Structures are given as structure tokens and as C-alpha cells.
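Undergrad: Below are the C-alpha cells for one structure; questions will follow.
The values are calculated or read from the model by the stated rules, or taken from the named source; none is laboratory data. The model shown is predicted, which means the values in this text are computed figures rather than measured ones. With ideal geometry, Cβ positions are generated from the backbone for all residues, glycine too; neighbour counts draw on all protein chains shown.
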Amino acid sequence: MIGLDAAMYGAAFGANALALSAVSALSARLAATRSVRGLLGAGLALCMAGCVGTGLLVATGAPAGWLALSMLVSVGSIGLVMGNATALAMAAVPRSGGSASALMGALQFGLAAAVTPLVGLGGEHTAAPLAVVMLAAGALAIGAFLLAGRRTTTD
């Protein structure tokens with residue numbers, strides 16, 4: 001529980017849920033006037049900033065409250081990522097929407113199931129594996145974003 005007691009962990013969990021919901025709602029409003037790809041890029045940049053912050057805080061042994069704050073940035077920014085990434089992916093395959101949606105859902109759940117045990121490798125007294133997994137996932141997401149943008153502009 002990242003060094004928080006049960007009540008504080010519950011409050012942090014609730015704050016993350018609220019941030020994710022609020023940023024998702026904001027993203028939906030912004031999609032009418034902003035580029036979906038731009039919103040996705042902003043979300044990924046914010047997420048990576050939170051991941052880097054988490055990594056630095058874990059490496060320096062900072063208090064758990066700061067870790068909860070950096071994770072709030074990472075989790076909240078997913079509100080800019082998920083909907084916009086889904087919209088871009090679905091737009092790329094307009095005649096295969098059902099199959100694309102099923103594949104995305106299976107990948108999300110499959111990757112979550114595969115990565116979850118990695119976070120617990122260090123035991124319950126360190127957040128280092130969490131920071132490493134967050135940084136790796138963020139880097140992969142940004143790499144995929146950049147690769148997809150390059151493929152779109154050259155095709």
C-alpha cells in the first residue's frame with residue numbers, strides 16, 4: 001500500500017478515481033476543439049512525467065505522500081490517453097470495429113494480468129518494482145505513439 005495506512009490508501013485510491021473521471025470528462029469536451037492525437041500526446045507526456053516522478057521519489061526514499069501525488073498525475077492523465085487512443089485505433093479500421101474492439105480489450109486485460117505479478121516482485125516494503133513497471137509501460141506507450149504517427153504520415 002505504498003507506505004500509507006488503510007484510510008490514507010483509501011483516500012488516495014478515491015482521489016485517483018476522481019482524477020481519472022474528471023480528466024476523462026475534460027478530454028471528451030476538448031475533443032470537440034482539439035486534435036485527438038494531440039490530446040493523446042499530452043496525456044502520454046503527463047503520464048510519463050508522473051512515472052518519472054514516481055521513479056525519482058522511490059529512488060530517493062521520499063515520503064509516501066509525495067509518491068501518492070506523482071501517481072495521481074500518472075493515473076489522472078490516463079483520462080486523456082484511453083479514450084483518445086481507442087478513437088484513433090478504431091478510426092484506423094472502420095470496417096472491422098467489432099474485431100478491433102475485442103482485440104483491444106483482450107490486450108488490455110492480458111497485459112494487465114501479465115504485468116501485475118511483476119509489481120509485487122520486490123515484496124510489500126518497496127515501490128521500486130512499481131516504478132520500474134510504470135516507467136517501462138510509459139516508455140512503450142510513447143514509443144507506440146511515435147511509431148504510429150510516423151506510419152500515418154508515411155503511408
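Undergrad: State whether one or more residues within segment 110-128 are in contact (Cβ under 8 Å) with a residue 60 or more places away in the chain and either small (Gly, Ala, Ser) or touching a strand residue (DSSP E or B) at 6+ places or on another chain (Cβ under 6 Å) (or both).
TA: The answer is yes; a qualifying residue exists.
Undergrad: Moving on. Can you tell me which residue is farthest from the chain's Cα centre (by Cα) among those in segment 119-155 that are at pLDDT below 90 and outside any loop (DSSP other than H, G, I, E, B)?
TA: For segment 119-155, the residue satisfying everything is 154.
Undergrad: Let me ask you something else. Is segment 58-70 home to any residue that is under 22 Å from residue 147 (Cβ atoms), buried (at least 16 other Cβ atoms within 10 Å of the Cβ), of a type in the set (A, V, I, L, M, F, W, C) and in contact with a helix residue (DSSP H, G or I) (Cβ under 6 Å, 6 or more places away or on another chain)?
TA: no
Undergrad: Which residues, counting only those in segment 71-102, are closer than 30 Å to residue 125 by Cα and at pLDDT below 95?
TA: Matches in segment 71-102: 71 only.
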